[in-house]
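Let me begin by presenting the structure, written as structure tokens, before commenting on it.
Bear in mind that the values in this text are calculations on the coordinates, not laboratory data. What you see is a predicted model; the values in this text were computed from it and never measured. Here Cβ is always computed from backbone atoms with ideal geometry, including for glycine, and neighbour counts include all displayed protein chains.
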Amino acid sequence: MRVSDLSRPSPERLLRQVQAEENKRWGARLKIFLGYAPGVGKSFRMLDEARRRHERGEDIVVAAIQSQQPEDLQALMQKLEVVPPLQTPDAQVIDVDAVVRRSPQVCVIDPLATKNPPGSRNSHRWQDVQELLRNGISILTSVNLLHVEEYREKVQAITGKDTAETIPKSFLLAADDIVIVDVPTDLCLWRLGEKLTSIGISNIQERQLSELRELALLLTAEVVDAQLETYVHAHGIEPVFGTQERFLVCITPDSNALAMIESGKRNKERFQGELHVVYVRHGDRSDDDTAAIETYLKAAREAGATVEVLEADDPIAAIAEFASEKRITQIFIGHSSQEHWRDLFFGDPVLRLVRAAEGIDVRVFPR
Amino acid sequence: MPAPEGPQRGNLKVYLGYAAGVGKTFQMLADGHAAVERGVDVAVAYFEPHARHDTIAQVQGLDHVPHRKLDYRGRTFEEMNTDAVLARGPRVALVDELAHTNIPGSTRAKRWEDVQTLLDAGIEVWTTMNVQHIESLNDHVWQVTGIRVRETVPDWVIRQAAEIVAVDVTPEALLNRLKRGAIYKPEMVEKALTGFFKGSNLGALREMTLRQAAHEVDLRQSVYDEASDLQVPTISKSSSAETSGEQLKERILIHITADASSAMLLRRGRRVADFLHSTPVALFVHKTPEFADLPAAEREAIEKHLRFARNLRIETAILGGQDVSRTVVDFARRNQVSQIFVARSPSGLRERLLGGRYAEDIVRMADDLQVIVVANRSRRHNS
């Protein structure tokens, strides 16, 4: 079995590490306040944290604020120093040079997802933020789920509105800290009043807000899971099991593989988990078997699974090791065929897997 | 359901966090103030007297129903005075620490039971709890953190909440609060840092909280579907479209024995059933349905497991049968069960006599059904 492949960090993790280390060199941290809609209170949470940190002696400036400030935000702002943004006819642009010259410990930027007007040094505000981070300035900023590029379609399907101002999800995944600002949907609706119509979303309903809310919670969980993975690897800790559901479907030529993959896909969606499909090649296989496996692996990819073909003399040991490495919580396997000669020597493979895969649920499927 | 008599049941709102100090109580009190400003009659029904000072400041200005003081083993304890809250009859009662176990001698054993009384009287209750106190997550939490949480709240209590709010803070900020002495007294801080507040623990519990909150939000979306025929666009996930199809209706059977692993099995089965919107049934099989011939300890264990199942709102069944595994599989086939949950066969001889080697037999016999051999989520050392 290709053990070396398994312990190699994923490209995403490497990228995250590189980005994080680059900022760390300068001691700068990026902290994002995520909300599922306008009106959940992101700006308040963020400015309140800025106020508290300012009172504890941190050097904090505000480089961009929302144009319309409710009273509670205005009160917070009075206690904070502002580096005035550059005024252009139709937008506020962060004065990156002025902030770098002022060189504070922390800079507040509200909101993050803004396009700079043509002719600006950076086309997007998140690029300004990267520049400040590279200059050793920590950032507090706010993001609305509506503006995360990868969620654009989903959000559009829910709200019927598109947005031109987006930031890539990788930007969120690379953040040092992310906090979700969660409030009940009815409170959000109540607070919003006419705010939604002013940003172009009309007749948004509680149900739709609820779906956005679920997406935001799961996105945050994903970021936290990625951070946990990085932490666990950095500290050489054994993987923490059972936080996210991770399903592993083991297919053989004569298993009811399509049904198992379908069930795996449903479970993945239900639990918002991960789906892996493996096939362990061992000994000689007939052409028929090869064709069947090809069909199954194709179905697995279409189901959004991560597909892996392993080579091993002892498939059960290989599966158990793979499962442990990938922090699998549930293994799907077909019921054994009766009276296979191998089983007389080694015992029923399903029961062997149950014994080998300690700490993992084993779901045995009808043939 | 019988026609409701008396007041309409109050709504329950739960502020869910992942550790002491994340700001659940603070958030609840802040929302309480906001409600008062809107003219809502809010009263603090229970408030942890040893709270952090910024939280204590936050309680100022809210009406407070005095706690009940109880003497127990020479010390004075404070509990919520449920009768006084009922007499005061606020629109909204704020009750800190839902998972709390009352001092012996209280009317009800658990605070969540007191909360049921308030809800029955038509009082809306806002309350706080941490994710690790959810009953069905008990084994998960133990596996991840190595800590066996004793005070738990049954899942159905949380399920009846009209609203769950995730209270989030980064572990970094939480650790700063801890080190500043804002959560525990200084002498407690070192212990907390190497125990519950370890970096990996906090991350895992935080992720659990976010996923649980997302799950609770998801469960409550079906309310909107039932409440209106409006054509609301929904995102393409399995929830609405697929589960409505009858062919996907799953029925879960949980096979319980005298072995201690049955509690874990029940929690796991309950959790999966919730996610699949399915009704689970717990089955115990013995040679005779009376199980009078069992040793007292075993009988007690089984009764405890059956009680626990009912507590988790799982239907229970007891059957007589010489061949236990055969009886389980036959019952499953007769009752259109699609998934059987069994515990791994224990390895010790004594345990094997108690729990039997049913997993193997059931897997072999039920080759037309899905059989889930549930892991014994024992602790993996991760320091």
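Miscellaneous remarks
- Angle in degrees between helix B:111-120 and the longest Cα principal axis of chain B, rounded to the nearest 10: 80 degrees
- Under the combined filter of DSSP loop state and at most 15 neighbouring Cβ atoms within 10 Å, the stretch A:54-101 retains these trypsin sites (Lys or Arg not before Pro): A:56, A:79.
- Averaged over peptide B:274-281, the number of partner chain Cβ atoms lying within 10 Å of each residue's Cβ comes to 1.
- Partner chain coverage, peptide A:350-357 - average Cβ within 10 angstrom: 4
- Nearest-ten-degree value, helix B:24-37 long axis tilted from longest Cα axis of chain B: 60 degrees
- Test item: Cα-centred dipole of the stretch A:65-179, Lys/Arg +1 and Asp/Glu -1 on Cβ, debye: 180 debye
- The angle between the Cα long axis of helix B:261-275 and the main principal axis of chain B comes to about 70°, on a 0 to 90 degree scale.
- Inter-chain Cβ neighbour average for residues A:219-230, partner chain, 10 Å: 5
- Packing-based ranking, highest mean first, of B:188-194, B:140-146, B:256-262, B:158-164 given that Cβ atoms within 10 Å are counted: B:256-262, B:140-146, B:158-164, B:188-194
- For the stretch A:34-152: relative contact order, % (alpha-carbon pairs under 8 angstrom, 6 or more apart): 30 percent
- Förster radius 30 Å - calculated FRET efficiency between residue B:310 and residue B:84, Cβ distance, rounded to 0.05: 0.45
- Inverting the pair-averaged 1/r between distinct Cα atoms of chain B gives 23.2 Å as its Kirkwood hydrodynamic radius.
- Taking other C-beta atoms within 10 Å as the exposure proxy, B:68, B:38 rank B:38, B:68 from fewest upward.
- Peptides B:273-284, A:215-226, A:87-98, ordered by how many other C-beta atoms sit within 10 Å of their residues on average, highest first, read A:215-226, B:273-284, A:87-98.
- Percent RCO, i.e. relative contact order, over the stretch B:132-229, from Cα pairs under 8 Å lying at least 6 residues apart: 27 percent
- Note: relative contact order over chain B, using C-alpha pairs below 8 Å and six or more positions apart, is 16 percent.
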